[in-house]
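Visitor: For reference, the structure I am asking about is given below.
Since every read-out is calculated from the coordinates, none of them should be taken as a lab result. This structure is a prediction, so every number in the text was calculated from the model and none was measured. Cβ placement follows ideal geometry from the backbone for every residue including glycine, while neighbour counts extend to all protein chains displayed.
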Amino acid sequence: MTLALFLGVLIGSILLGLPVAFALLLSAMALMLQMDLFSADILAQSLINGVDSFPLLAIPFFLVAGEVMSSGGLSKRIVDLAMTLVGHRQGGLGYVAIFTAVLLAGLSGSAVADAAALVSMLYPMMRKAGYPEGHSVGLLASGGIIAPVIPPSLPLILIGVAGNISIKNLFLGGIAPGLMMGAVLIFVWSRLMRKEKLETMPKASTAQRVDAFRKSIWALFLPIIIVGGIRFGVFTPTEAAVVAAVYAIFVSTVIYREMTLSGFVGVLINAGRSTAMVMFLVGCAMVAAWLITVAQLPQQLASMLGPLIESPRLLMAVIMIIVLLIGMVMDLSPTILILVPLLMPIIKMAGIDPVYFGLMFVINTSIGLITPPVGTVLNVVCGVSRVPMSVAAKGALPFIIAYMLLLAVFIAVPSIIIVPMKWFIG
């Protein structure tokens with residue numbers, strides 16, 4: 001009864017068009033009323049306590065770093081480097097997009113920001129060279145969703161806070177699956193481009209490649225600093241966010257000299273708006289998570305999934321199917337903040353590695369960012385490129401299928417994620 005009440009109020013509020021944060025608050029209030037615990041003071045205090053978390057300080061700093069990279073010249077130099085390395089191949093601009101997507105993922109951690117940057121810089125060139133617009137836009141969107149998996153990743157921070165999972169381990173564990181996602185895109189793109197007759201770029205000379213590498217070296221150092229610093233205990237993920245922001249500002253203003261004062265003010269305003277939205281959503285989700293625990297909803301869900309707890313792989317498969325369906329109609333962050341507190345006790349009962357579960361959850365919900373009907377990243381890509389959603393969705397289908405097959409492999413063989421993760425963690 002309590003579980004049905006929570007889900008009914010939550011889903012009903014969302015269907016009525018209420019923002020997810022307020023829907024979570026209403027769901028929490030419904031649980032409080034049902035248990036005769038309602039108190040405005042407790043509600044307000046829980047909301048404040050929900051965002052009073054040291055790991056969450058990483059979010060505003062990583063958002064600033066991402067904004068600075070886009071407007072300060074770091075992203076552009078990554079594209080230029082990729083162009084000199086693989087731009088001359090058949091379908092070369094697609095390989096440039098994949099190469100750039102993986103590198104940008106290690107800089108910003110935002111799928112929407114990465115996808116928008118890829119489209120604005122590469123789609124005009126792809127269209128001019130005669131690339132199929134559907135597959136081009138589908139590839140750019142699919143490349144953008146690597147960002148939530150590779151550190152620094154805002155969704156990994158959220159899932160670490162929501163599920164009480166080590167953010168350091170999530171960051172280091174996300175490197176291998178993120179690279180595998182890039183490898184899958186390369187394979188699918190090579191299959192799609194076999195029969196296409198496309199205009200290719202002249203092969204860059206060694207001198208041009210060296211020059212592009214020299215200009216991009218400051219941007220390339222950022223993911224190395226972040227991952228290396230976390231791996232060797234120089235700083236925590238939260239401190240890494242501060243390092244990333246300061247480093248990006250320094251490179252953009254002193255080295256590349258493309259960040260102006262007015263541009264930096266705009267960066268701070270955009271990052272501040274994004275931080276406010278994310279933090280309010282997190283606070284509301286933490287209120288709901290506390291009441292979920294008090295109402296013993298995980299135990300009710302565990303009793304429903306009881307027969308599957310003895311079979312961890314089957315349980316993961318069922319959970320991933322449910323998450324995939326929900327991810328198609330709900331954005332990534334709300335999905336994490338709603339479902340993870342509910343599912344984490346069941347994951348622990350089944351003996352599933354929490355870090356493995358967290359990575360699988362983020363990969364799964366990232367796929368939802370490019371699947372209709374919502375598909376946040378796909379919508380952004382269509383808006384920037386002015387390609388109809390129907391064309392983009394059809395073009396993205398091969399990449400979505402490939403990602404789902406990769407997800408199935410991760411479920412069947414967890415060691416593909418767990419073994420590299422333990423190696424990186426040491």
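Visitor: Mind checking which lysines have their C-alpha under 27 Å from residue 195, skipping anything on the same chain fewer than 8 residues away?
Guide: 128, 203, 394
Visitor: Taking the number of other C-beta atoms within 10 Å as the exposure measure, put 197, 76 in order starting with the fewest. Write out the running numbers ahead of the final one.
Guide: Working: 197 8, 76 19.
In increasing order of surrounding Cβ atoms, one gets 197, 76.
Visitor: Quick one: Debye curve from the C-alpha atoms of region 225-280, no solvent, what's log10 I(q)/I(0) at q = 0.18 Å⁻¹?
Guide: With one equal scatterer per Cα and no solvent, log10 I(q)/I(0) is -0.76.
Visitor: Using only Cα atoms, locate the centre of region 182-252 and the centre of region 331-357, then give the distance between them in Å, rounded to an integer.
Guide: 30
Visitor: Between helix 175-192 and the chain, what is the angle of the helix's C-alpha long axis to the longest principal axis, kept within 0 to 90° and rounded to the nearest 10?
Guide: 60
Visitor: Okay, next question. If you average 1/r across every pair of different Cα atoms in region 162-277 and take the reciprocal, what Kirkwood value do you get, in Å? Show your work: numbers first, answer last.
Guide: On the way: mean 1/r = 0.0553 Å⁻¹.
Across region 162-277, the inverse of the average 1/r is 18.1 Å.
Visitor: Could you state the angle between the C-alpha long axis of helix 111-128 and the longest principal axis of the C-alpha atoms of the chain, as a value from 0 to 90 degrees rounded to the nearest 10?
Guide: So the helix axis and the longest Cα principal axis differ by about 30 degrees.
Visitor: With a 10 Å Cβ neighbour count serving as the proxy for reagent exposure, in which order, fewest first, do 68, 20 appear? Mind showing how you got there, number by number?
Guide: On the way: 68 31, 20 20.
Going from least to most buried by this count: 20, 68.
Visitor: Pop out the ³J(HN,Hα) list for region 330-335 in order, Karplus 6.51 cos²θ - 1.76 cosθ + 1.60 with θ = phi - 60°, rounded to Hz; leave Gly and Pro as x.
Guide: Coupling constants for region 330-335: 9, 5, 4, 4, x, 4 Hz.
Visitor: Mean separation of Cα pairs under 8 Å and 6+ residues apart, divided by the residue count of the chain: what relative contact order is that in percent? List each step's numbers first, then the result.
Guide: Numbers: 671 pairs, mean separation 112.4, N = 426.
Reported relative contact order: 26 percent.
Visitor: Okay, next question. How far is helix 261-294 tilted off the main Cα axis of the chain, in degrees rounded to 10, range 0 to 90?
Guide: 30
Visitor: Nearest 500 deg cm²/dmol is fine: what mean residue ellipticity at 222 nm does the chain get from its DSSP H runs of n ≥ 4 alone, each adding -39,500 (n - 2.57), divided by its residue count? Spell out each step's value before the answer.
Guide: Details: 22 runs with 326 residues, N = 426.
Roughly -25000 deg cm²/dmol at 222 nm, from the helical runs in the chain.
Visitor: In addition: Just the projected area, averaged over all directions, of the convex hull on the alpha carbon atoms of region 39-425: how many nm²?
Guide: Mean projected area for region 39-425: 19.5 nm², to one decimal.
Visitor: Report relative contact order for region 320-402 in percent, whole number only (criteria: Cα-Cα under 8 Å, sequence separation at least 6).
Guide: Working: 75 pairs, mean separation 28.5, N = 83.
Result for region 320-402 is 34 percent.
Visitor: Further question: Please identify the longest segment of the chain free of exposed GluC sites (Glu not before Pro), where exposed means a DSSP state other than H, G, I, E or B and no more than 16 other Cβ atoms within 10 Å. Numbers along the way, then the final one.
Guide: On the way: sites that count: 196, 199, 258, 310.
Longest site-free region, per DSSP loop and neighbour criteria: 1-195.
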